[in-house]
Amino acid sequence: MRYELYYWPSIQGRGEFVRLALEEAGADYVDVARMPARAGAGMPAMMRLLDGESVACPPFAPPFLRVADTKRLIGQTANVLLFLGPRLDLVPKREASRIWAHQLQLTIADWLAEVHDTHHPIGGGLYYEEQKREARRRSANFCVERLPKFLGYFETIVASNPGWNGGLVGRAVSYVDLSMFQMIAGLRYAFPRTMARLDPKHPRLVALHDRIAGRPRVADYLASKRRIAFNQSGIFRHYPELDALR
Ligand SMILES: N[C@@H](CCC(=O)N[C@@H](CS)C(=O)NCC(=O)O)C(=O)O
């Protein structure tokens, strides 16, 4: 099966959670918006699907996935992973486990939205410089209260996973584990001081991050040009003044 991933071409953003699953599975996929427009791809191809009035099941925003053979179009990060999980063998087979994986992925989506809001608490359409004061208050609350709560929750989930000692769901690597790798990596980029304080309290998540980073396909991907570097346009941004735990 050939997959077409559609996402903004210059940031990891939410697209990265899908990329990591496709990369870990060695799936046949193209990152459409990063390809040249002259080949019928690139941003114009993505905008055609986003703006097209005749598109069935149109997505509200990227990332979204098109299954090349069936022309199925699937939006919402967690929903894309719900669809891909069994096809890429990145989730256990039992329905109860799949729903559990999806629940954890939705919690990661909530968490990621809060990360975004640390630098854009008022509006995504405004510059950071226009909401710096609010961002400072928001990120102080995030670093002191919300971040430890999310990390603590997921640390407990790893500890209580009866299947695979070290992962979040079942016995083998799941797409939720890949997403947790991305969360830890992104948080370390955005909030290095805060994470240096919090990492030691969450040894299972740190070990999970390291194990995922060392998986052969993921390691190849991270070292490749396909992995976009963290930058100041993405969801994880490093503003020293927002890195609140000292
Ligand atoms: N809940 C959606 C959120 C999608 C989303 O907010 N995408 C961002 C980029 S990461 C976007 O392009 N938003 C445009 C907009 O909201 O107008 C998901 O998880 O996929």
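The values are calculated or read from the model by the stated rules, or taken from the named source; none is laboratory data. Since this is a predicted model, take the numbers as computed values, not measurements. Every residue, glycine as well, gets a Cβ built from its backbone with ideal geometry; the counts of neighbours run over all protein chains shown. All accessible areas refer to the heavy atoms of the entire protein, side chains included, with ligands and DNA or RNA removed. Shrake-Rupley method; radii C 1.70, N 1.55, O 1.52, S 1.80 Å.
Below, the figures for the structure above:
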read-out	value
Gln12, sole failed condition from (1) part of a loop (DSSP other than H, G, I, E, B); (2) surrounded by fewer than 20 Cβ atoms within 10 Å (Cβ to Cβ); (3) near the ligand (Cβ under 10 Å from one of its atoms)	(2)
Options Ile99, Ile74; residue that is free of Cβ contacts under 8 Å to residues at least 60 places away in the same chain and within 13 Å of the ligand (Cβ to nearest atom)	Ile74
Where a residue in the range 149-175 is free of Cβ contacts under 8 Å to residues at least 12 places away in the same chain and its partner, wherever it lies, is open to solvent by 30 Å² or more (accessible area, probe 1.4 Å) and charged (D, E, K, R), with Cβ under 7 Å and at least six apart	Trp164/Arg171
Subset tally (residues that are touching a residue at least 40 places away in the same chain (Cβ under 8 Å) and either part of a loop (DSSP other than H, G, I, E, B) or exposed (fewer than 12 other Cβ atoms within 10 Å of the Cβ) (or both)) for the range 214-226	2
Tabulated pairs, the range 22-47, first at positive phi, second surrounded by 19 or more Cβ atoms within 10 Å (Cβ to Cβ) and of a type in the set (Val, Ile, Thr), C-beta under 9 angstrom, 6+ apart or interchain	Gly42/Val32
Top-ranked residue of the range 37-47 - restricted to ones that are open to solvent by less than 40 Å² (accessible area, probe 1.4 Å) and in contact with a Pro (Cβ under 9 Å, 6 or more places away or on another chain), ranked as nearest to Ala219 (Cα to Cα)	Gly42
Answer residue from the range 15-36, given it is of a type outside the set (Ser, Thr, Tyr), under 24 Å from Phe230 (Cα atoms) and away from the ligand (no atom under 16 Å from the Cβ) and is surrounded by the fewest Cβ atoms within 10 Å (Cβ to Cβ) among those	Pro36
Residue under evaluation Ile235, criteria (1) without any contact (Cβ under 8 Å) to a residue 12 or more places away in the chain; (2) in contact with a His (Cβ under 6 Å, 6 or more places away or on another chain), criterion not met	(1)
Selection from the range 48-96 of residues that are within 14 Å of Arg2 (Cβ to Cβ), open to solvent by 50 Å² or more (accessible area, probe 1.4 Å) and in a helix (DSSP H, G or I)	Arg87
Which listed residue, of Ile157, Ile122, is surrounded by 16 or more Cβ atoms within 10 Å (Cβ to Cβ) and of a type in the set (Val, Ile, Thr)	Ile157
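Residues checked against (1) in a helix (DSSP H, G or I); (2) within 16 Å of the ligand (Cβ to nearest atom); (3) under 23 Å from Ser10 (Cβ atoms):
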position: Arg136; (1), (2), (3): yes, no, no
position: Asn141; (1), (2), (3): yes, no, no
position: Leu151; (1), (2), (3): yes, no, no
position: Gln182; (1), (2), (3): yes, yes, yes
position: Met195; (1), (2), (3): yes, no, no
position: Arg204; (1), (2), (3): yes, no, no
position: Ile212; (1), (2), (3): yes, no, no
position: Ala229; (1), (2), (3): no, no, yes
